[in-house]
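Asker: Before I ask anything, let me first share the structure, which is written out below as structure tokens.
Computed from the coordinates by the stated procedures, all read-outs in this text should not be read as laboratory data. Remember, it's a predicted structure, so these values are computed and weren't measured experimentally. Cβ coordinates were reconstructed from backbone atoms using ideal geometry, including for glycine residues, and neighbour counts include every protein chain displayed.
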């Protein structure tokens, strides 16, 4: 499995944590391996302040998101609107516009952040995440097809369901293309292929649809936006993200074991086939439901695990919960930035996340270059 | 395929500045040549005299959706050799029914070469990419300015009627439109309305829509907010501005994408809605009267 893969222990430790420890599956052959296995199920896997800190920042960002917007509202009016004692204008702005937008942002960010952390652990690849691997674009394609050909009216669950199925299809296609290759390059290339195919599908679907405003809509779906979301969108995203995140969070033990390689995981008693299904459907359901209401927002799942990892023991499962919170935080902050940057037309969320994400991506590309 | 629809919305900056330049183009056209009539022969420089009554053009080609409407109202059917591809689209063309059965042109210069038209009508036709592709020929061109008021519509009606050789029809149509409009009340009573398009584009002053609002006694929110002819207004800002009415396009009432979904946002539920078909307002033309009447009726009912 790890044939011909050059191993450079100090670099590997730095760059990818213990996930790249040679997956020999032979206990004791490598000392770090031993330490890691002992460490993994230890309690103090995260810095004590990580989770409380993230929750605190999340609360602050949420307050900011409710307080900021094109219309200036005094904080007292915002609070009054939240408890239902404000004038109709403030009430409509805070409760009908800003609150659902905040909630959609939290849900989408949580799903993308956790999705990235799970995929990075599961695939043992620091560049894996829903948008790089094409899952987001494929889910957006499903949503676009349903919406633009008038099929979303059939039933409330039709659009997110198709988004989930097409996200799952993209993951299946990815595994067909990349197979069991251990090379990070193969997986990323396969992801680019899937992602490009789905983006082309979105453009084609919009061009074929009777919609004359296709050009503008293509941008929204490929770069993502949570402007003008309502509680109808929260109702679509909430169950999907909740189920998807629950599935992904249960996979912690499996992805920790997988950092020893598939044989190592099997020897630890992990049912690989089952955990693969749980992880991939968790990613597809969470990301699919999120993308169905926001469009494909890139790089959140890439950035977030790398940001929180230094505050953990670098074990794949230790990153999961912090990534969920940090994903929600990052998207909320990005959405505030979109509102504050003065542009004549709405700035897409994906633009902001790409500016943050591409440097992370490049750093890892440069580190990986020697393998490729 | 129908992306040519983007006259007003969505084009963002480009469309916004386009709307302004179209307006100023119209003003220059009016000031320069009386009724904005511009006969341009390609070979002989300068305007050529208007058509003689005895020499009605027999193969007229329209390069513009608005020119389609005038041609269908004023020319004989057998005079019309080609209309634009949106002429039969009921969402965009107020005379879609009349256009059925007539030849619809694509955007190819070859078709025009084949027709050998004796009159071409279009907006800023000299800059038309179709004509630019044609070898220099002695086509007679009529530039149709962008109408932003009923006065301009009346002038254009006369202009096209003269060009197609039916002066009397033009005069009769103008008289009929003026009579119909004169009978309309002004139920708006100075209340504020916002012409709110998909994705939050707001139609401003100096437009045909603004002219319609004034006729119905409404005040355009865009004027209140000091916005240009086309601007973008977020839902929040619209809610905060508290207009008495929002006027939306009939086709945008059906949620078919994110742009139209926005117009159904729960935050707008308290604002009274007036629905006008885009086909009546996108072009200045005989449909102006229908738009004005419908606006007045919906205002009176609310």
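Asker: Quick one: compute the contact order of the stretch B:183-246, relative version, from alpha carbon pairs under 8 angstrom and 6+ residues apart, as a percent.
Answerer: 42
Asker: So, one more: For the stretch A:75-126, what D do you get in µm² per second when you plug the Kirkwood radius from alpha-carbon pairs into Stokes-Einstein at 37 °C and 0.692 mPa s?
Answerer: After rounding, the answer is 253 µm²/s.
Asker: Give me a single rounded figure for A:223-230: the average over its residues of other chain Cβ atoms within 10 Å of their Cβ.
Answerer: Across the residues of A:223-230, the mean count of other-chain Cβ atoms within 10 Å is 4.
Asker: Can you tell me the Rg and Dmax of the stretch B:192-301, counting just the alpha carbons, in angstroms?
Answerer: Radius of gyration, then largest Cα-Cα span, for the stretch B:192-301: 12.8, 36 Å.
Asker: How many nm is it between the label spots at residue B:108 and residue A:345, if each spot is 7 Å from the Cα in line with the beta carbon?
Answerer: 3.1
Asker: Could you work out how far apart the two model spin labels at residue B:100 and residue B:181 are, taking each label as a point 7 Å from the Cα in the direction of the beta carbon, and quote it in nm?
Answerer: 3.0
Asker: Using the per-residue mean of other Cβ atoms lying within 10 Å as a proxy for protection, in what order, highest first, do the peptides A:236-243, B:76-83, B:263-270 fall? Could you put the intermediate results ahead of the total?
Answerer: Details: A:236-243: 20.9, B:76-83: 18.6, B:263-270: 16.6.
Going by the mean number of other Cβ atoms within 10 Å, highest first, we get A:236-243, B:76-83, B:263-270.
Asker: For the stretch A:43-163, take the alpha-carbon Rg, divide it by the Kirkwood Rh, and send me Rg/Rh.
Answerer: For the stretch A:43-163, the value is 1.08.
Asker: Mind running the shape call on the stretch B:139-234? Use the C-alpha gyration tensor, a ≥ b ≥ c as the square roots of the eigenvalues: rounded below 1.5 for a/c, prolate if a/b tops b/c, oblate otherwise.
Answerer: Oblate is the answer for the stretch B:139-234, as a/c is 1.5 or above yet b/c matches or exceeds a/b.
Asker: Separation of the stretch A:190-238 and the stretch B:62-115 by C-alpha centroid, Å?
Answerer: Rounded to whole Å, the Cα centres lie 34 Å apart.
Asker: Could you tell me the extents of the stretch A:27-368's C-alpha atoms along the three principal axes, largest first, rounded to whole Å?
Answerer: 68, 48, 37
Asker: Between the stretch A:98-154 and the stretch B:247-302, how far is it from one alpha carbon centroid to the other, in angstrom?
Answerer: 34
Asker: Could you check the spin-label model distance between residue B:134 and residue A:85? Points 7 Å from the Cα along Cα→Cβ, value in nm.
Answerer: Output for this residue pair reads 7.3 nm.
Asker: A further question follows. With the Cα gyration tensor of the stretch A:274-372 giving a ≥ b ≥ c as the square roots of its eigenvalues, does the rule (a/c under 1.5 for rounded; else a/b larger than b/c for prolate; else oblate) give rounded, prolate or oblate?
Answerer: Oblate shape, in that a/c is at least 1.5 and b/c is the bigger or equal ratio.
Asker: Sticking with this structure for a sec: To the nearest µm²/s, what D does Stokes-Einstein give for the stretch B:89-186 at 20 °C and 1.002 mPa s, using the Kirkwood radius over alpha carbon pairs as Rh?
Answerer: D = 136 µm²/s.
Asker: Now for a separate question. Contact order normalised by length for the stretch B:152-302, with contacts defined as Cα pairs under 8 Å and 6 or more residues apart; what percent is it?
Answerer: Relative contact order of the stretch B:152-302: 25 percent.
Asker: Between the stretch A:346-364 and the stretch B:193-209, what is the C-alpha centre distance in whole Å?
Answerer: Result: 34 Å between the Cα centres.
Asker: Please compute the average number of Cβ atoms from other chains found within 10 Å of each residue's Cβ in peptide A:140-148.
Answerer: Details: counts 0, 0, 0, 0, 2, 0, 0, 5, 3.
Per-residue shielding by partner chains comes out at 1.
Asker: Now, a different point. Return a whole-number percent for the relative contact order of the stretch A:158-239, with Cα pairs under 8 Å and 6 or more residues apart as the contact set. Walk me through the intermediate numbers first.
Answerer: Details: 21 pairs, mean separation 16.5, N = 82.
Answer for the stretch A:158-239 is 20 percent.
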